[in-house]
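Everything below concerns the one structure shown next.
The values are calculated or read from the model by the stated rules, or taken from the named source; none is laboratory data. None of these values were measured; they are calculated from a predicted model. Backbone-built Cβ (ideal geometry, glycine too); neighbour counts: all protein chains shown.
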Amino acid sequence: MPLFITMLKLAPTLASGSTLVLKPAPETPIDAFILAEIAASAGLPPGVLNVVPAGREVGEHLVTAPGVDKVSFTGSTLAGRRIGALCGERLRRCTLELGGKSAAILLPDVNLDEALPGLLPNSVMNNGQACVAQTRILAPASRYDEAVEAITAAVASMNVGDPTDMSTDVGPLVAERQRERVEGYIAKGRDEGATVTTGGGRPDLPGFFVDPTVFAGVDNSMTIAREEIFGPVVSVIAYADADEAVRIANDSDYGLSGSVWTSDVEAGIDVARRVRTGTYTVNGFAMEWSAPFGGFKNSGVGRELGPEGLGAYLEAKTINLPQGYEPKLSF
């Protein structure tokens, strides 16, 4: 994941003919150095890719340093607000890819046996540490109990363990502080009246693990439905009809991703058009690498990937010539 995020910045930087100062997350500096070594061995000139492992203070210095034309950041909404404010003071361009609280809508005609194997891995992807994770599952009230039972059984059967084992579904969190944060949200969900149908604790494993957890009886006003948990925690929310499902999906400070699951693709497209997110999928979860990726609202500013992602690293310039002059073109 750190390398993936880095490449979202490095590829358009190189394609635009620019140089890059890369500050990796404090927990993951080594892969950035390995990438820099590979780039150097491939012939990338010195000074094009510069790796600076550091904490928040150095990051703020880099954002405000003279000579920086653009800042691209992936991380928390809180940090993104600070970076956006600093760039705004300097009229400096920035792309901010921030948090999410994406909703997956199960329409009443959905085939749960077909939908859940495609949905649930993307609800707990990267051990729940993914901004695009489908962590709110909206189920029709007419099939709510059936959906909760099926989701609970599927999540309870997930294999928790060594992330280097290909049979593992859910691995550990990145740090002890993140596990404590996730456990705090689980406690908050219980305190606010939601019911844990599976998980809610820690497996007996070395490392910063949290059991993949499902909450039922969740109202969209609850903390676990409003805030990004960044752990393997899923909330199942009931809705009356498609209009209410869209309203609940849009009733969020975030707007990064989402999905709808249905036997009627045209009905799914209608829902997709109405949900205010940057990316949306009918009967699946996908990131199309040639299409722009980014969010609405607190999920960020600007787009990565696609021509729009490259355009964020370019400035348009117009040169006007005297009337009647024909320039000589060379290739």
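Here are R177, R181, R247: which of them is over 28 Å from G278 (Cα atoms) and among the basic types (K, R)?
R177
Select, from P29, P2, P45, the only residue that is modelled with pLDDT of 95 or more and either under 27 Å from T277 (Cβ atoms) or not aliphatic (A, V, I, L, M) (or both).
P45
In the range 74-92, which residue that is of a type in the set (D, E, K, R) and outside any helix (DSSP H, G or I) is surrounded by the most Cβ atoms within 10 Å (Cβ to Cβ)?
By that ranking, first place goes to R92.
Can you confirm whether the range 191-211 contains a residue that is of a type in the set (K, R), under 24 Å from A141 (Cα atoms) and outside any strand (DSSP E or B)?
No: zero hits.
Among (1) touching a helix residue (DSSP H, G or I) at 6+ places or on another chain (Cβ under 9 Å); (2) farther than 24 Å from A249 by Cα; (3) of a type outside the set (D, E), which single condition is T213 missing?
(2)
Residue check: is T164 part of a loop (DSSP other than H, G, I, E, B) and at pLDDT below 95?
yes
Return the total of residues in the range 59-74 being modelled with pLDDT under 95 and closer than 16 Å to T28 by Cα.
1
Just need a number here: residues in the range 32-55 that are assigned to a loop (DSSP other than H, G, I, E, B), surrounded by 11 or more Cβ atoms within 10 Å (Cβ to Cβ) and more than 27 Å from the chain's Cα centre (by Cα).
Qualifying residue count for the region: 2.
Determine if the range 170-189 includes at least one residue that is in contact with a strand residue (DSSP E or B) (Cβ under 9 Å, 6 or more places away or on another chain), surrounded by fewer than 18 Cβ atoms within 10 Å (Cβ to Cβ) and either assigned by TED's automatic domain parsing to the domain that holds D145 or at positive phi (or both).
No, the conditions are met nowhere in the range 170-189.
Suppose the filter is aromatic (F, W, Y), under 25 Å from the mean Cα position of the chain (by Cα) and part of a loop (DSSP other than H, G, I, E, B); does F215 pass it?
Spelling it out, it is not the case that F215 is aromatic (F, W, Y), under 25 Å from the mean Cα position of the chain (by Cα) and part of a loop (DSSP other than H, G, I, E, B).
Please specify each residue of the range 284-301 satisfying the condition of being crowded, with 20+ Cβ neighbours inside 10 Å, at pLDDT 95 or above and assigned to a loop (DSSP other than H, G, I, E, B).
If the condition is that a residue be crowded, with 20+ Cβ neighbours inside 10 Å, at pLDDT 95 or above and assigned to a loop (DSSP other than H, G, I, E, B), then G294, G295, N298, S299 are the ones that fit.
Restricting the search to the range 30-64, which residues are under 13 Å from L20 (Cα atoms) and of a type in the set (G, A, S)?
Of everything in the range 30-64, those that are under 13 Å from L20 (Cα atoms) and of a type in the set (G, A, S) turn out to be A32, A36, A39, G47.
Limited to the range 240-278, what total is found for residues that are among the hydroxyl-bearing types (S, T, Y) and either modelled with pLDDT under 95 or surrounded by fewer than 21 Cβ atoms within 10 Å (Cβ to Cβ) (or both)?
Summing the residues that are among the hydroxyl-bearing types (S, T, Y) and either modelled with pLDDT under 95 or surrounded by fewer than 21 Cβ atoms within 10 Å (Cβ to Cβ) (or both) in the range 240-278 gives 1.
When only residues in the range 123-151 that are polar (S, T, N, Q) and in a helix (DSSP H, G or I) count, which is surrounded by the fewest Cβ atoms within 10 Å (Cβ to Cβ)?
Result: S142.
Can you tell which of V58, V63, V21 is part of a strand (DSSP E or B), more than 18 Å from the chain's Cα centre (by Cα), of a type in the set (V, I, T) and farther than 30 Å from V265 by Cβ?
Result of the check over V58, V63, V21: V21.
Name the residues in the range 129-188 that are charged (D, E, K, R), more than 23 Å from W261 (Cβ to Cβ) and without any contact (Cβ under 8 Å) to a residue 24 or more places away in the chain, would you?
D162, D165, R177, E180
For the range 6-18, give me the residue count where each residue is outside any helix (DSSP H, G or I) and in contact with a helix residue (DSSP H, G or I) (Cβ under 8 Å, 6 or more places away or on another chain). Lay out the reasoning, then the answer.
Our first condition is that a residue be outside any helix (DSSP H, G or I); within the range 6-18, this holds for 16-18.
Add one more test, that the residue is in contact with a helix residue (DSSP H, G or I) (Cβ under 8 Å, 6 or more places away or on another chain), and what stays is 16.
The number of residues fulfilling the criteria is 1.
Would you call A154 over 21 Å from the mean Cα position of the chain (by Cα), surrounded by 14 or more Cβ atoms within 10 Å (Cβ to Cβ) and either of a type in the set (F, W, Y) or within 23 Å of Y239 (Cα to Cα) (or both)? Don't jump to the end; show me each part of the working.
Working: over 21 Å from the mean Cα position of the chain (by Cα): yes; surrounded by 14 or more Cβ atoms within 10 Å (Cβ to Cβ): yes; either of a type in the set (F, W, Y) or within 23 Å of Y239 (Cα to Cα) (or both): yes.
So A154 passes the test.
Only residues in the range 1-29 that are in the same structural domain as L62 (by TED's automatic domain parsing) and more than 20 Å from A130 (Cα to Cα) count as the first member; pair them with residues that are in a helix (DSSP H, G or I) and among the β-branched types (V, I, T), Cβ under 7 angstrom, at least 6 apart or cross-chain, and list the lot.
So the pair list comes out as L20/T13; L22/T6.
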